[in-house]
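> Once you've had a glance at the structure underneath, I'll fire off some questions.
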Amino acid sequence: LVAQKAKDWDSMRQFGEASGLAPGLLLAGEAALADGDREDAMAYFERVSGGGAEVAARGYLSRLSSDDPIVAGLSEAQDLWALGMRKVAVTSVADLLVRYPESEGDKTDQLLLWAGRAASVRETETASTLLSSTNPEGDQIWRKKATEGIVSCASGDGQRCIRTFDDLEGEAPADGLADARVTAAMLIGASDAQAAKTLAGDYISEGAGR
């Protein structure tokens, strides 16, 4: 983890592989991918077994093995996000996702995921671009609206943000709405403490307590 923070990909690969553990091998694969070595990255990911690390590794392998460069490229953006290079990740993914093939079946989910990530690091223009490309259905509809609210807070528009979330009461699942409101509150807290307090309300969570 120290090597990860220092962006020392060689050391990260070395220590991750030496651990022999699933999380270590996952980190080794992510370091290899960040270093531009897809073949080594895939070899590390194939060795990951067990728990959430295996789920993450399978996700990388699924995209890296795609013949579509857009799909494979998304794995690199995910890698940057996982390694803490979050603004770089959301900037790199903006052009990729608008060209992401519908045939993958998860385009709207990916657009919503990355729009939320972009808003969380205050890349509001990227977030709005991704949201404008969505075609939500079912529970994706409230997720898009909630993300729009988070973008408003990230942009400093507390009143619009509050209205968006108030309108979602009764429409969105309680837990999901609570998480989104707390995220929005954290983004606007420094510039509008009253809006943050209104958004967080009585929610009790780690995020609300920050």
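> Looking only at the range 48-63, which residues are in contact (Cβ under 8 Å) with a residue 12 or more places away in the chain, assigned to a helix (DSSP H, G or I) and farther than 22 Å from Thr108 by Cβ? Show your work before the answer.
So the first thing to find is which residues in the range 48-63 are in contact (Cβ under 8 Å) with a residue 12 or more places away in the chain, and the list is 48-51, 53-54, 56-61, 63.
Right, trim to assigned to a helix (DSSP H, G or I) and you get 51, 53-54, 56-61, 63.
Correct list: Gly51, Ala53, Glu54, Ala57, Leu61.
> Can I ask one more? Suppose we filter Ala190, Ala172, Ala185, Ala180 for residues that are farther than 18 Å from Ser128 by Cβ, part of a helix (DSSP H, G or I) and either at pLDDT below 95 or aliphatic (A, V, I, L, M) (or both); which single one remains?
Numbers: Ala190 fails: part of a helix (DSSP H, G or I); Ala172 fails: part of a helix (DSSP H, G or I); Ala180 fails: farther than 18 Å from Ser128 by Cβ.
Result: Ala185 is the single residue among Ala190, Ala172, Ala185, Ala180 that is farther than 18 Å from Ser128 by Cβ, part of a helix (DSSP H, G or I) and either at pLDDT below 95 or aliphatic (A, V, I, L, M) (or both).
> Does Ala77 fit the bill of being over 26 Å from Thr124 (Cα atoms) and aliphatic (A, V, I, L, M)? Break it down into steps so the answer makes sense when it comes.
Details: over 26 Å from Thr124 (Cα atoms): no; aliphatic (A, V, I, L, M): yes.
Here the answer is no, as Ala77 does not meet what is asked.
> Of the numbered conditions (1) open to solvent by 50 Å² or more (accessible area, probe 1.4 Å); (2) within 22 Å of Ala82 (Cβ to Cβ); (3) small (Gly, Ala, Ser), Ser132 fails exactly one; give the number of that condition.
Tallying (1) open to solvent by 50 Å² or more (accessible area, probe 1.4 Å); (2) within 22 Å of Ala82 (Cβ to Cβ); (3) small (Gly, Ala, Ser), Ser132 fails exactly one: (2).
> Look at Arg38 and say whether it is more than 20 Å from the chain's Cα centre (by Cα), at negative phi, at pLDDT 90 or above and among the charged types (D, E, K, R).
Values: more than 20 Å from the chain's Cα centre (by Cα): yes; at negative phi: yes; at pLDDT 90 or above: yes; among the charged types (D, E, K, R): yes.
Against the criterion (more than 20 Å from the chain's Cα centre (by Cα), at negative phi, at pLDDT 90 or above and among the charged types (D, E, K, R)), Arg38 qualifies.
> Sticking with this structure for a sec: Considering only residues of the range 87-106 that are free of Cβ contacts under 8 Å to residues at least 24 places away in the same chain and in a loop (DSSP other than H, G, I, E, B), which is surrounded by the most Cβ atoms within 10 Å (Cβ to Cβ)?
Restricting to residues being free of Cβ contacts under 8 Å to residues at least 24 places away in the same chain and in a loop (DSSP other than H, G, I, E, B), the top hit is Asp106.
Results for (1) in a helix (DSSP H, G or I); (2) closer than 17 Å to Arg63 by Cβ, shown as yes or no for each residue.
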position: Ser11; (1), (2): yes, no
position: Gln14; (1), (2): yes, no
position: Ala18; (1), (2): yes, no
position: Leu25; (1), (2): yes, no
position: Glu30; (1), (2): yes, yes
position: Leu33; (1), (2): yes, yes
position: Gly36; (1), (2): no, yes
position: Ala41; (1), (2): yes, yes
position: Glu46; (1), (2): yes, yes
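The values are calculated or read from the model by the stated rules, or taken from the named source; none is laboratory data. What you see is a predicted model, and the numbers here were worked out from it, not measured in a lab. With ideal geometry, Cβ positions are generated from the backbone for all residues, glycine too; neighbour counts draw on all protein chains shown. The accessibility values were calculated without ligands, DNA or RNA, using every heavy atom of the protein model including side chains. Shrake-Rupley method; radii C 1.70, N 1.55, O 1.52, S 1.80 Å.
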